[in-house]
Amino acid sequence: MPALYLDAQGAYLRKDGGEYLVKSGETEQRFPAAQVERVILLGNVQLSTQVMASLLEAGIPVYFLSSRGRYRGRLNPATHANVRLRMKQYECVREATLAMPYARWFVIGKIRNSKELLCRRLSDAGHDSSALRNTLKGWMDSAGRTHSVERLRGFEGMAARDYFQAFTTLFSNSPFLWKGRNRQPPRDPINGMLSLGYTLLLNECISAIEVIGLDVHAGMLHGGEEHSDYGKPSLALDLMEEFRYLVDRLVMRLLLSGDYKPKDFERTPNGGCYLKANIRKVFFAAWESLMQSPIKYDHRRLGYRLIIGEQANLLARALQDEGIEYRAFMP
């Protein structure tokens, strides 16, 4: 149980010996403390000070999301301050030419992984994906050639546009209609599930980066001096680019399998569309299963959560050693 998700509104989490006890109304659940690696709270869930102290001492981060899955903030244990590493990172933030090799790989990894996922899905469904494959490859090649971070962001944006446009074909025979990517709030089931998944992925990347000792707010692609001072976890947004396809893959599988129905989503007065609370638990379980799924990585078989950590570690090593090149994870 690496991650403990709590979304029962009004629930209370406290420590009881070597267990975490979750009390919701008349219901109680117990979880061995030694098996918990992170805690995710959605909405109105209470923590005792004893639990907070225990989690901090054990090095376990706590993430606070709204009841709809929007990221609010985190309670984070003290991390080691690698000043030399951060100085190298800040040099990249100030100098676009230093940031470019990292930013380029973030975009290349995102486009390539998304391309392979979506084209394979379309082909399996009997659609011709050759045109889309060539288009996305073109944007990927352009990203690989440019020496401008601004142009790189432009190529990433155009690839994302073409990628999401193809969702119309992918979901054409499903009960879920795709009318384009939207957020804040997500206005349809596909976007609602994507947004929730991206929030969970962002949490994974924040954890991996902070464990290494990097500054989560100083990014190379989403950062730069004009982008890194707004409180956004820019470096985590950078790192998650090459892993976004994992969220997309999970959403495609769950929605196209017929396991989810339009009735499993609810709408809010502001037009938002979100998974119902009881169905959200199934999504969390599927996400945890995915994060622990082993795949080949550098001659080893690791779960995706560990791979995200390895990529953060590779980023830190590349910043400190010019002989090491950061390369995106591309299975």
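Worth a mention:
- Residue in region 70-78 that is small (Gly, Ala, Ser) and either assigned to a strand (DSSP E or B) or within 30 Å of residue 185 (Cα to Cα) (or both) present: yes
- Residues of region 290-331 that turn out to be among the basic types (Lys, Arg) and under 16 Å from residue 211 (Cβ atoms), as a count: 2
- Looking across region 129-150 at every residue that is within 25 Å of residue 167 (Cα to Cα) and among the basic types (Lys, Arg), the one that is surrounded by the most Cβ atoms within 10 Å (Cβ to Cβ) is identified as 133.
- Residue match in region 221-238 (condition: surrounded by 14 or more Cβ atoms within 10 Å (Cβ to Cβ), of a type outside the set (Val, Ile, Thr) and more than 24 Å from residue 97 (Cα to Cα)): no
- Restricting attention to region 9-41, the residues being under 18 Å from residue 288 (Cα atoms), free of Cβ contacts under 8 Å to residues at least 60 places away in the same chain and in contact with a strand residue (DSSP E or B) (Cβ under 8 Å, 6 or more places away or on another chain) number 7.
- Count - residues of region 122-167 that are β-branched (Val, Ile, Thr) and under 29 Å from residue 95 (Cβ atoms): 2
- Residue match in region 307-317 (condition: in the same structural domain as residue 109 (by TED's automatic domain parsing), part of a loop (DSSP other than H, G, I, E, B) and over 21 Å from residue 245 (Cβ atoms)): no
- Matching residues in region 17-54 - criterion: being in a loop (DSSP other than H, G, I, E, B) and within 25 Å of the chain's Cα centre (by Cα): 36, 37, 43, 44, 45
- Test for residue 323: is it touching a residue at least 60 places away in the same chain (Cβ under 8 Å), farther than 20 Å from residue 249 by Cβ and more than 21 Å from the chain's Cα centre (by Cα): no
- Residue, nearest to residue 202 (Cα to Cα), within region 37-52, restricted to residues that are at pLDDT 85 or above and among the aliphatic types (A, V, I, L, M): 40
The values are calculated or read from the model by the stated rules, or taken from the named source; none is laboratory data. Keep in mind the model is a prediction, meaning the values are calculated, not measured. Please note: Cβ atoms are built from the backbone with ideal geometry, for glycine as well, and neighbour counts cover all protein chains shown.
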